[in-house]
1. Does any residue of region 170-182 turn out to be more than 23 Å from Lys84 (Cβ to Cβ) and more than 12 Å from ligand 1 (Cβ to nearest atom)?
2. Does Leu157 satisfy the criteria of being under 18 Å from the mean Cα position of the chain (by Cα), surrounded by fewer than 20 Cβ atoms within 10 Å (Cβ to Cβ) and touching a residue at least 12 places away in the same chain (Cβ under 8 Å)?
3. Give Ser66, Ser42 a once-over and let me know the one that is open to solvent by 20 Å² or more (accessible area, probe 1.4 Å), more than 24 Å from Val5 (Cβ to Cβ) and free of Cβ contacts under 8 Å to residues at least 60 places away in the same chain.
4. So in region 99-114, with the set limited to residues that are near ligand 1 (Cβ under 7 Å from one of its atoms) and in a loop (DSSP other than H, G, I, E, B), which one is modelled with the highest pLDDT?
5. Output the residues belonging to region 177-192 that are crowded, with 21+ Cβ neighbours inside 10 Å and in contact with a Pro (Cβ under 6 Å, 6 or more places away or on another chain).
6. Looking only at residues in region 224-257 that are under 21 Å from the mean Cα position of the chain (by Cα) and aliphatic (A, V, I, L, M), which one is farthest from ligand 1 (Cβ to nearest atom)?
7. Tell me which of these Phe71 doesn't satisfy, since it passes every other one: (1) open to solvent by 10 Å² or more (accessible area, probe 1.4 Å); (2) in a strand (DSSP E or B).
8. In the set Tyr68, Tyr49, Tyr78, which member is in contact with a helix residue (DSSP H, G or I) (Cβ under 8 Å, 6 or more places away or on another chain) and over 14 Å from Leu8 (Cα atoms)?
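The values are calculated or read from the model by the stated rules, or taken from the named source; none is laboratory data. Computed from a predicted model, the values in this text were never measured in an experiment. Cβ: placed from backbone, ideal geometry, glycine included. Neighbour counts: every protein chain shown. The accessibility values were calculated without ligands, DNA or RNA, using every heavy atom of the protein model including side chains. Shrake-Rupley method; radii C 1.70, N 1.55, O 1.52, S 1.80 Å.
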Amino acid sequence: MKLDVDVLRYLSKDDFRVLTAVEMGMRNHEIVPSELIDRIASLKHGGTYKVLKNLLKHKLLHHDSSKYDGFRLTYLGYDFLAIKTLVNRGVFTAVGRQIGVGKESDIFEVAKEDGTILAMKLHRLGRVSFRAVKSKRDYLKHRSSYNWLYLSRLAALKEFAFMKALEEHGFPVPLAVDSNRHCVVMSLIQGYPLVQVKELQNPDTVFETIVGLVVRLAEHGLIHCDFNEFNIMIDDDEKVTMIDFPQMVSVSHHNAQMYFDRDVECIFKFFSKRFNLSFEENAGHSDDSKVDSEEVGRPSFADIKKVTGFLDKELSASGFTRKDQDDIERFTGDDVEKDLDSDDKESADEPIEKDEGHFEVFDSLSLLMEEGNPVEQGETSKEDTEMKQDVVSENEGPNDLGTVPEEGRQTEHENEPELTKRLNKQRRRAIQAVQGGRKNFTSRNSYKDKGGRSSHNSKIQKQLGNW
Ligand code: ADP
Ligand code: MG
């Protein structure tokens, strides 16, 4: 998949409105019925279907008519929504080259207006584990809209929250800058993953630092769970930075000991193989009197004085709750990998797409701003808000096709009585519309009809610079 941000420039306000409508519909539906998209977007002059066609052309949506006529967001569509929001917030103005492809993420350089380069991580949690998610039928029974969108968003939320909390406790991690949807923006680490490093000036010191980090994490009640040479960055001064936090668990997790030992084992194995470090077996245990003081002992989970509650207290303050943690753990544990091996016929909807090549360095989004476009400052425009209310109405309407996960509901206006009042009014109107049939729902055929009648391209051209 190529993240061609250039397309962003050619998308109109209506394009984004419809794209957002699909995103909202996906809270309830894996495939959002076309009629629902039309209803949520409620474009002033109709024309949702022409816009859908355009979004489809740019691969921001996927069309599915196997069960009924509908659409869902692609990764690219979701990427664009997040990128647009972050650009609007002024977090960055340009997207550059891809600097990393993890098993469940893509990492890009992004540039701020003043030229500072940051790292943007787009989570792809569904990429490998969506199939496993689908196989958790008992759990899914009550959550029809559990999908990669939700999981990737949760992963980003968790990563951002952990990065912030860890940084505040003096851990060497990237600086968390901002996050939206499945996207996390952080400082760019000037270094290389340890796996690429063939030689170290002071392998012993680096090793001790790294093992010390695993221990200190546990003392803070945390286990990284993927602590290895791929997630440890090292710079020219051999300064260590740890990255990649979506799979971290609490020391009170039922598999905590196993995860901790596995993290430790990874580091010991890697340093012994790559840098020929030798270790005294069983060293480090408090009951072991034969510890060689010259060598770093293997830390024992049981011996670490752990402070639990770190997750609950500090992370919930950043919006990441214990429930979020429980949810995400269900899909990132070892059992997920097992599930992946099983031959589940209901395979992932989303094919595994990898970026084959690099795109132009710094496709500049700043142009968008320089052209005098009214870039929204906040994440939610008035029109978006109206759409959100329509979604809520749809959940309460007679055509409710699924349950809404609590975490999917919009809560940001709870403390604003004026806005709530206005929104409630809109909501009532929308419910009436749904029940009374204010609109004639367009069929798939009229999509074709309409598409043929108006000059779609010239309209889009006119709207350029309008989002
Ligand atoms: P995943 O969860 O998919 O493994 P990671 O967070 O480990 O993703 O990132 C994948 C790769 O991207 C890393 O190995 C590293 O090379 C690069 N990377 C990630 N974050 C940063 C960063 N803040 N600065 C520089 N490079 C990074
Ligand atoms: Mg990683």
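1. yes
2. no
3. Ser66
4. Glu104
5. Met186
6. Per the stated criteria, the residue is Val249.
7. (1)
8. Details: Tyr68 fails: in contact with a helix residue (DSSP H, G or I) (Cβ under 8 Å, 6 or more places away or on another chain); Tyr78 fails: over 14 Å from Leu8 (Cα atoms).
Result: Tyr49 is the single residue among Tyr68, Tyr49, Tyr78 that is in contact with a helix residue (DSSP H, G or I) (Cβ under 8 Å, 6 or more places away or on another chain) and over 14 Å from Leu8 (Cα atoms).
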